[in-house]
Amino acid sequence: MNKVFLLSAAGTSYGKANLTARDLSMLASKRAIKRAGIKVQDIQAAFVANAFGMAEKQGHLGPLLMSSLGIPHAPSSTIEAACCSGGSAIREAYVNVASGFYDVILVAGTEKISHLDTLTATTYFSYGGDYCFEGNSGASFPGLYATMARSHMHEYGTTEEELAAVAVKNHENGFLNDKAHFQKKITIDDVLKSAVVADPLKLYDSCPFSDGAAAAIIASEEFMNKNNLQKRVSIKGSGRAGGPGSLHARKNMTSLESTIRASREALKHANINIKDIDFAEVHDCFTIAEIIAMEDLGIFEKGEAGKAVVEGRTSINGDIPINPSGGLKSKGHPVGATGVGQVVEVFEQLTGDSKKRQVEDARIGLTHNVGATGGSCAVHIFESE
Amino acid sequence: MLVQLEAVVRYTSLKVNKLSEDSIFVRDIFEATRDGKIRAYECTECNNQGVAVQAFCEKCGNNKLTNKEIGNVGKVITFTIQTVAPDPFVNEVPYAWVIVELDNNVRITGWIPFISSREDLKIGDKVKLVKSYKPGMVFEKIT
């Protein structure tokens, strides 16, 4: 396989936007292309990550985006893997460039959902799991993660305060991110006293419904050399895996099989150990998800991640910073954009461009993106050159 | 009724025999749960069972699966109390949503109306699937 570079990545602010998903993807793509220092005509193909296009009565977003970039002939496909759409699109771009089929691919993740009322949005999110068994019998999307939280608390003694500490830490990071949906600090008490959504998860354990977009340009070494482009960040490892889409089809409620498989594949591919990474952007759609992710990735032993967060080990100045961007919890969760947005954070960290949230001596960064309750997972490892 | 089941029953005239292709379809499962019964697949090779839409056995890969009724009593593996609900459960809150383990380690999901706090249910409690007098798969706590 050929060496693959992350030539550039850029995004929009996350939050409530008065732009459509189409506008947002155009804006993020334009910023990424500008940051890459290439001509738009250099882009040969695109993968567009968008999960809830139907919420705007618009599917098949790719050709519209490509037309607005002035390259309507370039082929594009929408990649849908629920909340893992972005990470999956990065993977497809990686595979296409590593194989030598294409030299330059645009990945654009985008979502517009804030115009939906809470009931509609909650119901849409429940379509990402096994709806027949779950949503159809009254489980909301937070409800699915709430069952994992209860199992984790039951098996490992994880506490609601430990869950809350994840939210507090991510809001501290988001406070430093001028593109984050929530740029305010919160306390453990704020989390514990917030409204219960699906016991034991509360409103402040949950990520928001955000609008936003992010884009990345993936390029081959040959293209970089030919155009005298500075090699700043390379993709060192790529991992993808599936897991049972329904909660009742799995034996273990405190772990996501797809995270374990995808991360081991990415680490093996990168030929590194998890201890070698300097920071990670992980999929914290709920506080419990960040705890389970850190344990499944192998950063902490099973049952130890909650304590590590309380001790500050995962803060920006800790020994292994997790979600320096603020994560889905504070930076926001524009579904299709999320996995690509993680790559934007890694790009900025590895190029020393993260300002107040800069992780010191960041050389290797990892992204971990999950679809629904673990039916899909994408893990990528990036290194500064 | 399950939306997807409704779509099959109401809008198509397809006559698909049960057990055709030795697989288990959405409607095989949800027509049964409506009546408080649970239909599982069973592998004709290794006897592995599961409540799932299935064409190949997850355990051994065999493609010949039968479709049989299994016991509808089990214990709660984990649960949540839903206080914010998706459509059409808005007027039912709060209620419990549960993952239940039946005989032979087979698991299924459903909800229990009128269980309104975490004090009202414990992991390990015994529950039974009942006839759907409300949407979805409805369980009841039994003693």
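Values in this text are rule-based calculations from the coordinates and carry no lab data. Quick caveat, the model's predicted, so the values are computed rather than measured. Here Cβ is always computed from backbone atoms with ideal geometry, including for glycine, and neighbour counts include all displayed protein chains.
Which GluC sites (Glu not before Pro) in region A:344-376 sit in a loop by DSSP (not H, G, I, E or B) and have at most 11 other Cβ atoms within 10 Å of their own Cβ?
Hits after loop and neighbour filter: A:E360.
List the longest stretch of chain A that has no exposed loop site; here a site is one of the trypsin sites (Lys or Arg not before Pro) assigned by DSSP to anything other than H, G, I, E or B, with at most 15 other Cβ within 10 Å. Spell out each step's value before the answer.
Values: sites that count: A:K3, A:K39, A:K57, A:K184, A:K185, A:K231, A:K251, A:K302, A:R363.
Of all site-free stretches, the longest is A:58-183.
What's the average, rounded to a whole number, of partner chain beta-carbon atoms within 10 Å of each residue's beta-carbon in B:94-100?
5
Mind checking the mean number of beta-carbon atoms from other chains within 10 Å of the Cβ atoms in A:200-209?
Partner-chain Cβ atoms within 10 Å, mean over residues of A:200-209: 1.
Give, to the nearest whole percent, the P(r) tail of chain A beyond 29 angstrom, counting all Cα pairs.
When every Cα pair of chain A is considered, 34 percent fall beyond 29 Å.
Full-extension gain between A:D353 and A:E301, please, as 0.36 nm times their residue separation minus the C-alpha to C-alpha distance. It would help to have the intermediate numbers written out before the result.
Working: separation 52, 0.36 × 52 = 18.72 nm, distance 3.17 nm.
Taking 0.36 nm per residue and subtracting the Cα distance, the gain is 15.5 nm.
Return a whole-number percent for the relative contact order of region A:33-91, with Cα pairs under 8 Å and 6 or more residues apart as the contact set.
Relative contact order of region A:33-91: 40 percent.
Label A:N271 and B:K122 with points 7 Å out from Cα along Cα→Cβ: what is the distance between them in nm?
Output for this residue pair reads 5.5 nm.
Between B:D87 and B:T44, how high is the FRET efficiency from 1/(1 + (r/R0)^6) when r is the Cβ-Cβ distance and R₀ = 45 Å? Nearest 0.05.
0.70
Apply 1/(1 + (r/R0)^6) to the Cβ-Cβ distance of B:V26 and A:H154, taking R0 = 45 Å, and write down the FRET efficiency to the nearest 0.05.
Plugging the Cβ-Cβ distance into 1/(1 + (r/R0)^6) gives 0.90.
Compute the long axis of helix A:257-270 from its Cα atoms, compare it with the longest principal axis of the Cα atoms of chain A, and write down the angle in degrees, 0 to 90, nearest 10.
So the helix axis and the longest Cα principal axis differ by about 40 degrees.
Nearest 500 deg cm²/dmol is fine: what mean residue ellipticity at 222 nm does chain A get from its DSSP H runs of n ≥ 4 alone, each adding -39,500 (n - 2.57), divided by its residue count?
Calculated at 222 nm, the ellipticity per residue is -11000 deg cm²/dmol.
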